[in-house]
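See structure below.
The values are calculated or read from the model by the stated rules, or taken from the named source; none is laboratory data. These numbers come from a predicted model, not from an experiment. Here the Cβ is made from the backbone with ideal geometry for all residues, glycine too, and neighbour counts use every protein chain on show.
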Amino acid sequence: MSEGVIVCDGLVKTYNAGKLNEFTALKNINLTIKEGEYVSIMGPSGSGKSTLLNLISCLDSPTKGEVYLDETGISTLNDLEKSRLRREKLGFVFQKFNLIPTMTSFENIELPMRFKGTSLKERKKKVKELLSLVGLAAKSANKPTEMSGGEQQRVAVARALANNPKIILADEPTGNLDTETGKKIIELLMKLNREEKRTLIIVTHDSKIAEKSDYLIKLLDGRVI
Amino acid sequence: MIDVALKNVFRQKIRSSLTILGIAMGIGLILALGAIGEGLNNQIEESFGDVAGVIDVRAVDNDEGISEDVIEGIKYIDGVDEVIPVGSFHITQSTRRFTGMMGGKILGGGGSTLTFTGIYPPDQDYLIGEQIIAEEGRKLDDSDDGEFVVLLGSSAAETQFLNIGDEIEYERREDDKTESFYFQVVGILEETGDSDIDNAAYVPLATMQELEDDDTITSLKVKITDIELVEEVTQDINDYSEEAKAFSFLTVVRQLESTLGTIQLAVYGIGAISLLVGGIGIMNTMIMSVMERRREIGVMKAIGATTTTILIQVLQESAFLSLIGGFIGLMLGYTSTSLITRYTAFTTIMTPELVIMGLGFSLVLGMGAGLYPAWSASRLDPIEVLRYE
């Protein structure tokens, strides 16, 4: 299993196993995503996109099969190790931005570093860097409510990069943005993929976004098609 | 992440303020009650402090008195420093009417009976208290032995309308014959607050023994070497002789203190209930706060916060609520007890122990009340909260 940064091996995810409302969201998914690749995941509602993303991000455990991140099988990790892996190897960008409303841009971006235990000096340096990278150097002290949706999502991207992760997972990052702003966010993410060789996985409904990716995973009823 | 916790506490200002107020009132109440209790304890100790170390020995039979042998024997009991004999002589009903010579007029006597307490003048400082001075006239002195002089307590002088220079009639009965003797008031003591002393009339013991031709000693004051030995020595004296019954004020003080302790316990119970109510307030607030922030907590977990991080964060918040309440409670308690001390005759005492206990209590309460909300927050499943909210 050394060929990919993310390897899914025979993933099955069944909800409510054994009950009347038993539902299998993923049926035998096998995937290999190589380091530095840009991959889109597409599919209608209920096709298993979010479930797949949750499994890759160690938020959920598969019923069968295994996810390997950097050659480590995640089912062998305990909660603490999973938390560490999430904050150090993965960067998350959500559809609804999910910034902490009481915190400024600066505080939101430094949060993963605080969880990691990075010193204040280093945090300040890194946040400054990230803010200029996403073009928000002037908005360091702004709270989410004082910024536009696009700006908020850029703060979220900066937060995802705080601990310099290898992989960026974006769940419909443009879903709450207008087309123009959404395009800019995608450009930003693609730039991170190309220039910094970060593996990028975007879940999207937008075929224009999917077209630009190195390859596209289409899901339907829990299977790759 | 303490800054984050502090910030979160003040997100819902009114709700947090009310929660803090609940704790503040509970802590304030406990501290105020505690300070009042300390004040009561202190008052008891002050009132009895002077006499607590003295053992009072009384003759079981007043006519027989305490024999010389027994007095000598008591002197040799371990822990006994000095034995001071005191004689007690009642002025009988018929002679209660005393005369006071003043400007040639005979003054009528007052109401209650007066008892002559015969003492050796050198013992007076010990019996009355060295620091107690004669408000008028003088105390007894060594040359008074055999003289007809009397030193009055403040209440005795007041109720009997006696002044310096007045004379008190003492009738000696002997085979149906009565003979009057007149004791001149040479001094009146300042008020001590100790009714035994305030109501006393001290006369030289030698005078009385000569007068009555009787050297019966009806009571002794036993001075001891160490106050810690009071109860032990009291017991030893009681074991030593059946002629005398010893008791110490310390026993009384202990009883009073134990009664007070029971009352204090009940009072603390009331305070504890009010604190408990405050604690429930914290729990309620924290549960609400965690519910409102489910999504935030889910995001934090998704981007790498551990279960412990969330747990500690929520615990810090409830501890903050409670500690702030504790500090305000401290101020409330301090202010209210200061006011009591200032505007009433009662002195409250806020000890450092009370302050530490109050703050410690609030911290423990805050943490305790935060446990469940913190636990439930830390257990939130990021998938669930991010999907549905």
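Does B:D214 satisfy being under 26 Å from B:E169 (Cα atoms) and in contact (Cβ under 8 Å) with a residue 24 or more places away in the chain?
Taking the combined requirement at face value, the residue does not satisfy it.
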Contacts under 9 angstrom Cβ, first residue in region A:6-21 being over 30 Å from A:R198 (Cβ atoms), partner of a type in the set (A, V, I, L, M, F, W, C), 6 or more apart: A:T14/A:F23; A:T14/A:A25; A:T14/A:L26; A:Y15/A:F23; A:Y15/A:A25; A:N16/A:F23
Candidate set: region B:153-182, residues that are part of a strand (DSSP E or B) and touching a helix residue (DSSP H, G or I) at 6+ places or on another chain (Cβ under 7 Å); chosen: the one modelled with the highest pLDDT: B:F181
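Which members of region B:133-152 meet the condition of being surrounded by fewer than 20 Cβ atoms within 10 Å (Cβ to Cβ), of a type outside the set (F, W, Y), on the phi < 0 side of the Ramachandran plot and in a loop (DSSP other than H, G, I, E, B)? Reasoning before the result, please.
Restricting attention to region B:133-152, the residues satisfying the condition of being surrounded by fewer than 20 Cβ atoms within 10 Å (Cβ to Cβ) are B:133-139, B:141-143, B:145-148.
From what is left, the residues that are of a type outside the set (F, W, Y) are B:133-139, B:141-143, B:145-147.
Next cut, on the phi < 0 side of the Ramachandran plot only: B:133-136, B:138-139, B:141-143, B:145, B:147.
B:I133, B:R138, B:K139, B:D141, B:D145, B:E147 - these are the residues of region B:133-152 that are surrounded by fewer than 20 Cβ atoms within 10 Å (Cβ to Cβ), of a type outside the set (F, W, Y), on the phi < 0 side of the Ramachandran plot and in a loop (DSSP other than H, G, I, E, B).
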Of all residues making up region B:300-319, the number that are surrounded by 21 or more Cβ atoms within 10 Å (Cβ to Cβ), assigned to a helix (DSSP H, G or I) and either over 46 Å from the mean Cα position of the chain (by Cα) or more than 14 Å from chain A (Cβ to nearest Cβ) (or both): 8
Condition met for B:I297 (in contact (Cβ under 8 Å) with a residue 12 or more places away in the chain, over 30 Å from A:L52 (Cβ atoms), in a helix (DSSP H, G or I) and within 14 Å of chain A (Cβ to nearest Cβ)): no
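For every residue, the table says whether it meets (1) assigned to a helix (DSSP H, G or I); (2) surrounded by fewer than 23 Cβ atoms within 10 Å (Cβ to Cβ); (3) touching a strand residue (DSSP E or B) at 6+ places or on another chain (Cβ under 8 Å).
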site: A:Q95; (1), (2), (3): no, yes, yes
site: A:L99; (1), (2), (3): no, no, no
site: A:K124; (1), (2), (3): yes, yes, no
site: A:V155; (1), (2), (3): yes, no, no
site: A:G182; (1), (2), (3): yes, yes, no
site: A:L188; (1), (2), (3): yes, yes, no
Breaking point among (1) closer than 24 Å to B:L276 by Cα; (2) buried (at least 19 other Cβ atoms within 10 Å of the Cβ), for B:M331: (2)
Only one of A:L85, A:L26, A:L31, A:L69 that is on the phi < 0 side of the Ramachandran plot, of a type in the set (A, V, I, L, M), touching a residue at least 12 places away in the same chain (Cβ under 8 Å) and at the interface with chain B (Cβ under 9 Å from one of its Cβ atoms): A:L85
Given (1) away from chain B (no Cβ under 12 Å); (2) in contact (Cβ under 8 Å) with a residue 40 or more places away in the chain; (3) outside any helix (DSSP H, G or I), index of the condition A:N163 fails: (1)
Members of region A:126-144 found to be of a type outside the set (A, V, I, L, M, F, W, C) and buried (at least 19 other Cβ atoms within 10 Å of the Cβ), listed by number: A:K126, A:K139, A:P144
Hits in region A:101-122 - residues which are surrounded by fewer than 23 Cβ atoms within 10 Å (Cβ to Cβ), at the interface with another protein chain (Cβ under 8 Å from one of its Cβ atoms) and over 18 Å from A:E146 (Cα atoms): A:R114, A:K116
Residue in region B:194-215 that is farthest from B:L140 (Cα to Cα), counting only those that are part of a helix (DSSP H, G or I) and hydrophobic (A, V, I, L, M, F, W, C): B:L211
Any hit, region A:169-179, residues being buried (at least 21 other Cβ atoms within 10 Å of the Cβ), small (G, A, S) and over 18 Å from B:D3 (Cβ atoms): yes
Test: residue in region B:222-241 that is at positive phi and either outside any strand (DSSP E or B) or among the aliphatic types (A, V, I, L, M) (or both): no
Residue check for B:A374: away from every other protein chain (no Cβ under 14 Å), buried (at least 22 other Cβ atoms within 10 Å of the Cβ) and hydrophobic (A, V, I, L, M, F, W, C): yes
Conditions (1) free of Cβ contacts under 8 Å to residues at least 24 places away in the same chain; (2) aliphatic (A, V, I, L, M); (3) out of contact with any strand residue (DSSP E or B) (no Cβ under 9 Å at 6 or more places or on another chain); number of the one not met by A:I225: (3)
